[in-house]
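One structure below.
The values are calculated or read from the model by the stated rules, or taken from the named source; none is laboratory data. Every value quoted in this text rests on a predicted model; they were computed, and no experiment measured them. No Cβ is skipped: glycine too gets one built from the backbone with ideal geometry, and neighbour counts run over all protein chains shown. All accessible areas refer to the heavy atoms of the entire protein, side chains included, with ligands and DNA or RNA removed. Shrake-Rupley method; radii C 1.70, N 1.55, O 1.52, S 1.80 Å.
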Amino acid sequence: MPIINNDAEHDPNRILPIDYDWAREYYEAGVDNNWVPAEIPMQDDVSQWRGDALSDAERQLVEWNLGFFSTAESLTANNIVLALYEYVTAPECRQYLLRQAYEEAIHTDTFIYCCDSLGFDPDYLYGMYDRVPSIEEKDEFVVDLTRSIDRPGFTLDTDEDVREFLRDLVGFYVIMEGIFFYAGFAMMLGLKRQNKMVGVGQQFEYIMRDESLHVGFGVDLINQIRTENPDAWTAAFGDEVRDLLTEAVELEKLYAHEACPDEILGMSSEQFAEYVEYVADRRFEQLDLPEQYGTDNPFPWMSEQVDLNKEKNFFETQVTEYRSGGSLDW
Ligand code: FE
Ligand code: MN
């Protein structure tokens, strides 16, 4: 069965036999990672947040990241259900999209849980993109990439249509989940390493573990579409994707500088910028495009903990590394 744009010969309600084993493996890995935010105690976070454990800069960092992620998770969920699901027709891929949509609901629930336990004003949290220009720019950047497939009557008839679709996939899987999330992950995990906002940090760890599967699935989906539609991904389109990613890196670096203007947590905005370049180079590799930065990872503890490594080794190690149930032993 074709991965997108199914023909009349194939029944989209028949998942067996499975054509794309990798999609099934991502589904199983997602199930093995099951968690819900209410499992994570927030008492220490609440007393730190109410007390004077955090500097003003650290408080701003927490607020900005909760603000950015709360909107971004919802944008991602809506993109799956309202834009992608119709066109990704292979049943095992749709099964993964349903799983991912559920995980995005868990992530949305995480920000409800954080907002409630820390006592945020919802208008303040969910209006963050309106007040912080670098957050608004990130959101608008990915939403712009998906406008053409959002228009009524869009179909995948021509190579140009498939390119429009690939642009959406690059925008959400590679840029939003694969680049725009990562400075925030590093900031929140950096705080947690200093025993600050440990409950929120642990929730970000769980989210990051989920997101690394989302990015992996998205990249494999993109690459399978390229294989099946060899004329869609032209050299010119490869250049366009490279430019989109480098533009996204600049936006993410701007966000890092604004969210972390001074050296806090023993980490500087310069290091966050380097980390964003390092992560973006991994994305270029995954898309078979040349590395653009050659920057070393300034936070080696992120890849130990996080799992850029596990992303890379996914098919070598199979899913055993993920079989940790709800626990976080990497
Ligand atoms: Fe998510
Ligand atoms: Mn996601």
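Below is a table of values for the structure above.
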read-out	value
Distant-in-sequence amide H partners of N6 (H built 1.01 Å from N, under 5 Å)	T89
Relative contact order (%) - the chain, alpha-carbon pairs under 8 angstrom, separation at least six	24 percent
Among F181, P133, L84 - extreme Cα towards positive end, dipole of the chain, charges at beta-carbon	F181
Surface accessible to a 1.4 Å probe, per residue, for the residues of the chain, Å²	40 Å²
Theoretical gain in end-to-end length, A57 to L16 [0.36 nm per residue, Cα-Cα removed]	9.5 nm
The chain: Rg to Rh, with Rh as the Kirkwood radius over Cα pairs	0.96
Computed helical MRE - 222 nm, the chain, DSSP H runs ≥ 4 contributing -39500 (n - 2.57), nearest 500	-20000 deg cm²/dmol
GNM flexibility winner over the chain from A236, A186, A72 (Cα, springs under 10 Å)	A236
